[in-house]
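S.K.: Sending over a structure as structure tokens; questions will come in a sec.
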Amino acid sequence: MIKKIIILLVVVCLGIFLYFKFNEKQDTDNLTLYGNIEIRQVDVSFQVSGKIKEMLKSEGDEVKKDEPIAYLDDTDYKLNYEMATAEVERGKVLIDEAESKYKRHKPLLRDSVTEQELTTLYNNYQQAKANYNVALVNQKIAKNKLEYTKLYAPDEGYITIRAQEPGANIVQGQTIYTVTKTKPVWVKAYIEESYLGNIKNNMEVKIVTDSIDKQTNSKKGYSGYIGYVSSVAEFTPKTVQTENLRTSLVYAIRVYINDADEYLKQGMPVTIKINLNGNNEQCNN
């Protein structure tokens, strides 16, 4: 009796398997790829060295382009700028004095002033102008360095790393924050050579995440387009998941997301659905 039951179960399971196997619909219009979200990040640093006076942002804070995010102690930089400004004023006085002497003595040439003396006065005048120009450059440099004690957000985004704290002495170029930009957001994926003839730039695609949208109670989807198809083949990276396990040559593609939001994070795995019927319509989820 038990033997008959086992045989019956095997037959039933085999029948179910064969039913789904032969009734499985092969989707030849849609191509499914897998990739990960990539977002540009910027390591933000001061252009001068100094002691951090104030940091205005923490991890997770949003930033706008050109928004102040940190300050250095600018005491010495202010003094340097004031000194450079004083040198400019001094240089202007010396120019006026040298020019006045030269112009006063020029009409007296061959009467009471020799040609050598007049040449010396003229050279002094030219030297004063040169010194004044150097002072102007130094003033501009000092002003720039004073402005460099203020750190601004390079673009719209959010803080992912706060690498320093107020009171820290930092050097020029040392990372203070890492800012993740909100745009552009793209997915890097890989495609087999056999599909290259159906793929081109600006084709519309659908990107699906594993996150559930509470409003639709289904996986959250986004619209996008193919913005780049590599012309160089490479071996399938070990981290790439594809429908078929393979070690053949593939081509990298980049899919840009049109309606990216704050729920897309760096490295998040997503599914890309591409319609191959030639009309660039987005695939259904």
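The values are calculated or read from the model by the stated rules, or taken from the named source; none is laboratory data. Keep in mind the model is a prediction, meaning the values are calculated, not measured. Every residue, glycine as well, gets a Cβ built from its backbone with ideal geometry; the counts of neighbours run over all protein chains shown. Calculation scope for accessible area: heavy atoms of the full protein, side chains included, ligands and nucleic acids excluded. Shrake-Rupley method; radii C 1.70, N 1.55, O 1.52, S 1.80 Å.
S.K.: If I filter the stretch 183-199 down to residues being open to solvent by 50 Å² or more (accessible area, probe 1.4 Å) and hydroxyl-bearing (Ser, Thr, Tyr), which single residue comes out as farthest from VAL229 (Cα to Cα)?
M.R.: By that ranking, first place goes to SER194.
S.K.: List every residue pair whose Cβ atoms lie under 6 Å apart, where the two residues are 6 or more positions apart in sequence or sit on different chains, the first residue falls within the stretch 68-80 and is within 30 Å of TYR158 (Cα to Cα), and the second residue, located anywhere, is open to solvent by 50 Å² or more (accessible area, probe 1.4 Å) and outside any strand (DSSP E or B).
M.R.: Going by the 6 Å Cβ cut-off, the qualifying pairs are ILE69/LEU56; TYR77/LYS145.
S.K.: Of everything in the stretch 200-235, what is outside any strand (DSSP E or B) and surrounded by fewer than 17 Cβ atoms within 10 Å (Cβ to Cβ)? Give them in sequence order.
M.R.: LYS200, ASN201, ASN202, LYS214, GLN215, THR216, ASN217
S.K.: Using the structure shown, decide if GLY91 is modelled with pLDDT of 65 or more and under 27 Å from the mean Cα position of the chain (by Cα).
M.R.: Taking the combined requirement at face value, the residue does not satisfy it.
S.K.: Kindly provide the set of residues from the stretch 110-157 that are within 21 Å of ILE95 (Cα to Cα) and within 41 Å of the chain's Cα centre (by Cα), ordered by number.
M.R.: TYR132, ASN133, VAL134, ALA135, LEU136, VAL137, ASN138, GLN139, LYS140
S.K.: If you go through the stretch 51-97, how many residues are open to solvent by less than 40 Å² (accessible area, probe 1.4 Å) and either part of a strand (DSSP E or B) or in contact with a Phe, Trp or Tyr (Cβ under 6 Å, 6 or more places away or on another chain) (or both)?
M.R.: Selection size over the stretch 51-97: 8.
S.K.: Based on this model, can you work out whether LYS101 counts as open to solvent by 70 Å² or more (accessible area, probe 1.4 Å), of a type in the set (D, E, K, R) and either in a loop (DSSP other than H, G, I, E, B) or modelled with pLDDT of 95 or more (or both)?
M.R.: Considered against the rule, which asks whether it is open to solvent by 70 Å² or more (accessible area, probe 1.4 Å), of a type in the set (D, E, K, R) and either in a loop (DSSP other than H, G, I, E, B) or modelled with pLDDT of 95 or more (or both), LYS101 comes out as no.
S.K.: Scan VAL93, VAL63, VAL113, VAL88 and give me the residue that is touching a strand residue (DSSP E or B) at 6+ places or on another chain (Cβ under 7 Å) and of a type outside the set (Gly, Ala, Ser).
M.R.: None of the others qualify; the one that does is VAL63.
S.K.: Could you list, in sequence order, the residues of the stretch 141-182 that are assigned to a loop (DSSP other than H, G, I, E, B) and either hydroxyl-bearing (Ser, Thr, Tyr) or open to solvent by less than 80 Å² (accessible area, probe 1.4 Å) (or both)?
M.R.: TYR148, THR149, ALA153, PRO154, ASP155, ALA163, GLN164, PRO166, GLY167, ALA168, GLY173, GLN174
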